[in-house]
1. Taking +1 at the Cβ of each Lys and Arg and -1 at the Cβ of each Asp and Glu, which of A:Val42, A:Gln210, A:Ser71 sits farthest along the dipole of chain A towards its positive end, judged by Cα position relative to the Cα centre?
2. For chain A, what value does the Rg/Rh ratio take when both radii are computed over Cα atoms and Rh is the Kirkwood radius, given to two decimals?
3. Tell me, what is the percent relative contact order of chain A, built from C-alpha pairs under 8 Å that lie six or more residues apart?
4. Given N residues in chain B, what is Rg(Cα) / (2.2 N^0.38 Å)?
5. Non-local amide H neighbours of B:Leu23 (under 5 Å, H modeled in plane, Pro and chain starts lacking H): which ones?
6. For the range B:201-341, what does the accessible surface come to per residue with a 1.4 Å probe? Please give it in Å².
7. I need the chymotrypsin sites (Phe, Trp or Tyr not before Pro) found in the range A:190-282, filtered to DSSP loop residues with at most 16 other beta carbons within 10 Å of theirs.
8. In the range A:124-210, which GluC sites (Glu not before Pro) are in a loop and have at most 13 other Cβ atoms within 10 Å, using DSSP for the loop call?
Amino acid sequence: MRSASIAECGHEESNAVKETQLLDIHDLVVHFLREEQVVKAVDGVDLRVKPGESVGLVGESGSGKTVLSRSIARLMANAVIDKMSGQVVFQNTDLLSLSERELERRRRKSFLSMVFQDPLGYLNPTKRVGRQVAEALPPELSRRSRRHRVAELFTQVGLPGDKASLRLYPHEFSGGMRQRVLIAMALASRPRLLIADEPTTALDVTVQVQVLNTLERLHREQDMALLVITHDLALVAELCDRVYVMYAGQIVESGDVETVLSSPHHPYTQGLIASMPGQRRRMNKVDGLVGSVPNLALLPSGCRFRSRCPHAFDRCEEMPPLMPTSTGSTSRCWLSEPEAEGEDPS
Amino acid sequence: MSTRPDQSATAEGVSIAGAPPPLAAKEVSVVYRTRGDFGRRTARHALNRTSIEVNYGELVALVGESGSGKSTLSKVLLDLASPSAGEVAYHGKALNTLTRTEMRAYRNEVQVVFQDPAASLNPRQRIWKCLASVLELRGVRSQLELNEEITKLLTGVGLNPAESFARRFPHELSGGQQQRVAIARALAMKPRIVIADEPLSALDVSVQAQVLDLMIDHQKRTNAGYLLVTHDLNVVRAVADRVVVMYLGSVVEMGDAEQIFERPQHPYTRALLSSRLSIDASKRRIRDRPILTGDVPSTTAIPSGCAYHPRCPIAVERCSIDAPEPRVTGDGSSVACHLAE
Ligand SMILES: Nc1ncnc2c1ncn2[C@@H]1O[C@H](COP(=O)(O)OP(=O)(O)OP(=O)(O)O)[C@@H](O)[C@H]1O
Ligand SMILES: Nc1ncnc2c1ncn2[C@@H]1O[C@H](COP(=O)(O)OP(=O)(O)OP(=O)(O)O)[C@@H](O)[C@H]1O
Ligand SMILES: [Mg+2]
Ligand SMILES: [Mg+2]
């Protein structure tokens, strides 16, 4: 019931909510087993992406962003999973209920692509880059159109598309160029949704702008939806329409990017924003975040941000639900209740 | 503490007008020779007649594209790489002319913090031992004194309770805690100059802020000189006094931080600054940003003339022929561009 109210927040849609979502994650739980302890990496997450929408997922290191994004495509190699439940509905099919084979078939065809956080590990050092991109194309294409399409993809991501460049090996490219080869591979299938986990963290600022520009252009021109995972709020501010803030396995705040960044409700979001160097006046220590994400195997009861929160009070021993705020966003904090905001101790 | 070449100029850690800077690189060049395809030898010109100085009491930020030579320049200043031309001077004296005592003073006075804290700490050494071995270099010997100093250092970098952290091994600490130990170790030598090469990039945003505060606090308190290598322009904006911009092995612009951010002169500096993403979503969106076309040219084939000319939007014919020399402009900054006023 709670989740329905969030989905409808600010939208006047008469058709069923399900139809309008490209990706609809409902109550996703991914718990690992590590040294006989349960690591609650993703713990009851709801997240939605509409066709053609650009959505950001932010949070500190270890908050569960990568686990969440990888579990969408069920890429959890070698993980000892204690519990995995919920639904990941993509184009009206629950990916979690598909058989391995069916999943693989869809991945190949497919409308869902990923760019991983540690990209260089995903390029084969002994294969020419052009060949690697070609292998990501839909299998039914003819040889000639494959070659043509590879050159086209290279130009799209700002790489030289000439024959000689396609014949280079990954190590002959700079880091920024290799990152773009991976993006070209991810785009090869003309996905409806691209999930990019820290797509530009390893890049220079000037190259970063180039890569983000490319993503934004494809997003706009080909109506490709984006789910961008990052710790950089500025990147989200410039690229995304909506944002989810994740903390210790849960979504703690979500909403329209401008609203969330200009009037954050959750103290964690407030802390994240205050911790950004640009937001801090010279030598003027503002209240950025202190401490770090708790051990996901030893989570406290109640609000998980409690121990780091400057506003914590008695009620925080009880876990707050995600609730609508006065600005139309949602926040998992007792102090975000519209009627509670007057008494905000800050 | 009493073995610096020029006592009068440095007694209080203040640079006196006219005295040579405590640490400077003068027109240094570094060429790495690597084996390319089929055993062909290629030369990488990592630094090309680069000059920089660090004075007491100032925080100099060194920025530039990946591969532009920032780490190489830091290593040269730390005597961890030797230049093929040019020299590094400590209080005006070239490193290779320092006496043994002066060399020791240099090694004590100039300290480093690297990017990867885990790699810079010995995994088999408890934090106590790691700091003790540095303090011993400074002549602290008795167990009592060591304990006292180590507690002070760890508390100073916010690792409380110090006794508990001192007993741990590096792997029992988080990345941010490891980086603080690395800073504590650098500070144990009571450095007057600290060179920090991307000290924040391995850390989380919240931890970055803490580590940055720690260094700024030390810098202000002790009036030390800092050279901070970073790619985060928002950090530079927040903390730097002076900014040095590198491109492909050369310094293209340097000056007062305020000036550089408000009135960048070199086209590369402008491109760099306009790539800074802003959290203020109402201000600017990625699609409106100008992009720098073309990739960084390789250090194995540096373009003729101005190294930036193939990517420069305002280049004229001369730029591909003559290499511009750095010139001091009206506001005291220095820029290497034919077209800058
Ligand atoms: N296969 C696994 N087995 C056990 N624990 C895991 C596994 N994969 C991830 N974790 C744990 O899950 C938590 C969330 O990790 P995740 O990689 O999703 O974080 P993240 O938000 O992506 O962080 P970062 O910003 O550093 O990439 C971490 O505590 C991590 O140690
Ligand atoms: N040990 C080495 N052997 C050969 N070439 C090297 C070596 N170290 C650096 N280089 C080359 O020297 C140039 C400058 O490298 P450097 O590491 O100083 O750049 P940087 O500005 O620190 O880059 P980044 O921002 O990526 O750290 C690069 O072209 C690099 O490939
Ligand atoms: Mg991650
Ligand atoms: Mg470097």
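The values are calculated or read from the model by the stated rules, or taken from the named source; none is laboratory data. None of these values were measured; they are calculated from a predicted model. Note: ideal-geometry Cβ built from the backbone for every residue, glycine included; neighbour counts use all protein chains shown. These accessible areas exclude ligands, DNA and RNA; they are computed on the full protein's heavy atoms, side chains included. Shrake-Rupley method; radii C 1.70, N 1.55, O 1.52, S 1.80 Å.
1. Farthest along the dipole direction, towards plus: A:Gln210.
2. 0.98
3. After rounding, I find 20 percent.
4. The reported ratio for this selection is 1.05.
5. Under 5 Å from the amide H of B:Leu23 lie the amide H atoms of B:Val54, B:His91, each far enough along the sequence or on another chain.
6. 41 Å²
7. Nothing satisfies the criteria.
8. Hits after loop and neighbour filter: A:Glu140.
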